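What follows is a set of notes on a single structure, which appears directly below.
The values are calculated or read from the model by the stated rules, or taken from the named source; none is laboratory data. These numbers come from a predicted model, not from an experiment. All Cβ positions, even for glycine, are placed from backbone atoms using ideal geometry, and neighbour counts span all protein chains on display. These accessible areas exclude ligands, DNA and RNA; they are computed on the full protein's heavy atoms, side chains included. Shrake-Rupley method; radii C 1.70, N 1.55, O 1.52, S 1.80 Å.
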Amino acid sequence: MKMSDWALLQTLYEYRNVTHAADHLYLSQPTVTKRLKLIEEEFGVTIALRSKRGIQFTPEGEYLAVKASQITAILREIHDHLALSSQETPATLFIGASNSMTRSSLPEIIQAHRLSHPHIQFEITTELSSQLTRLVEQGKLDLAFVNGEIPFSGEKLLFRREHAYLASISPLRPEDLNQHPYLTYYKDPCTQSILEQWWKEYHSSPFPTGLKVQHGDICREMVLKGLGYSIFFVPDYMADHPKYRCLLYHRDGTPLTRNTWLIYTSQAFEKKQVREFVERFMKNSEEI
């Protein structure tokens, strides 16, 4: 069990509400729910039950929550003691990520890294992937998580491969999508190109312009209201509504996917804080 899981248990126990705990941890509600389920599976017990008044901890959950508080307190004491001993100068990591990742995966990555590197400060820039790539090349960002195969002159590590899915409250076939209203949000040109190439496999008509909103979570709410369909790569958007998700495939049966990369330059890697983050990422990326 990761230290970030103990922190999640402690926060849930304090707030007794998934929404409030998620806000405090800077995580999405689906991410908190998923992590709680994984913890329950690891220990083989039910930790908490949902009700109209929030969440109710079971006796086993109460026990784990108390231990979570003790463990996080001990860890904090250790870090504080070592910080005073080493008198390490605080350093800042300048990280870029898309809006969707900033709201889902990135907070957990930062939380986990801070447990072992409490002196590190983070400054987050949220932009489209193409812009983040330029900022890394210009030395204005140390690292960035970017979507798609954007040309980059530095180093990159695969963070995850996302399988695209159709989000709609009614079943739709790829061949029939041009007969239904399309909902979308601002995407990077690389992601848009992936979708347009896939569209050409099923339709002779141009990719639809659709009704465009600012963010993916707004688009999701419009889908749930029955205003149209959308296509997402980020799993969290529809994690609580699996019956409205339909994975997408190319004509040849292969999955429609998008890669997300961690990128950095060799110059940035010379900084201790960047090197430690990249090395930890390479070691623990499968756990995030």
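Of the residues making up the range 105-119, those that are in contact (Cβ under 8 Å) with a residue 40 or more places away in the chain, over 21 Å from Trp261 (Cβ atoms) and part of a helix (DSSP H, G or I) are Gln111, Leu115, Ser116.
For the structure I just gave you, tell me whether Leu38 is modelled with pLDDT of 90 or more and either among the hydrophobic types (A, V, I, L, M, F, W, C) or open to solvent by less than 20 Å² (accessible area, probe 1.4 Å) (or both).
Here the answer is yes, as Leu38 does meet what is asked.
Scanning the range 17-32 for residues that are open to solvent by 50 Å² or more (accessible area, probe 1.4 Å) and either in a helix (DSSP H, G or I) or at pLDDT 90 or above (or both) returns Thr19, His20, Asp23, His24, Gln29. Among the numbered criteria (1) surrounded by fewer than 18 Cβ atoms within 10 Å (Cβ to Cβ); (2) under 24 Å from Ser105 (Cα atoms); (3) small (Gly, Ala, Ser), which single criterion is violated by Ser170? The one condition Ser170 does not meet is (2).
For the residues Glu196, Glu175, Glu123, the requirement of being in a helix (DSSP H, G or I) and touching a residue at least 12 places away in the same chain (Cβ under 8 Å) singles out Glu175. Within the range 112-138, how many residues turn out to be within 19 Å of Ala91 (Cα to Cα), open to solvent by 50 Å² or more (accessible area, probe 1.4 Å) and among the β-branched types (Val, Ile, Thr)? Within the range 112-138, residues that are within 19 Å of Ala91 (Cα to Cα), open to solvent by 50 Å² or more (accessible area, probe 1.4 Å) and among the β-branched types (Val, Ile, Thr) number 1. A Cβ distance below 6 Å, combined with a sequence gap of six or more or placement on separate chains, defines the contacts here; from the range 137-148, residues that are modelled with pLDDT of 95 or more reach no residue that is in a loop (DSSP other than H, G, I, E, B) and crowded, with 23+ Cβ neighbours inside 10 Å. Scanning the range 47-86 for residues that are surrounded by fewer than 13 Cβ atoms within 10 Å (Cβ to Cβ), hydrophobic (A, V, I, L, M, F, W, C) and modelled with pLDDT of 90 or more yields a single hit, Leu49. A single entry from Glu270, Glu196 fulfils the requirement of being at pLDDT 90 or above and open to solvent by less than 80 Å² (accessible area, probe 1.4 Å): Glu196.
So if I check each of Ile231, Ile263, which one is among the β-branched types (Val, Ile, Thr), under 16 Å from His163 (Cβ atoms) and either assigned to a helix (DSSP H, G or I) or open to solvent by less than 60 Å² (accessible area, probe 1.4 Å) (or both)? Among Ile231, Ile263, only Ile231 is among the β-branched types (Val, Ile, Thr), under 16 Å from His163 (Cβ atoms) and either assigned to a helix (DSSP H, G or I) or open to solvent by less than 60 Å² (accessible area, probe 1.4 Å) (or both).
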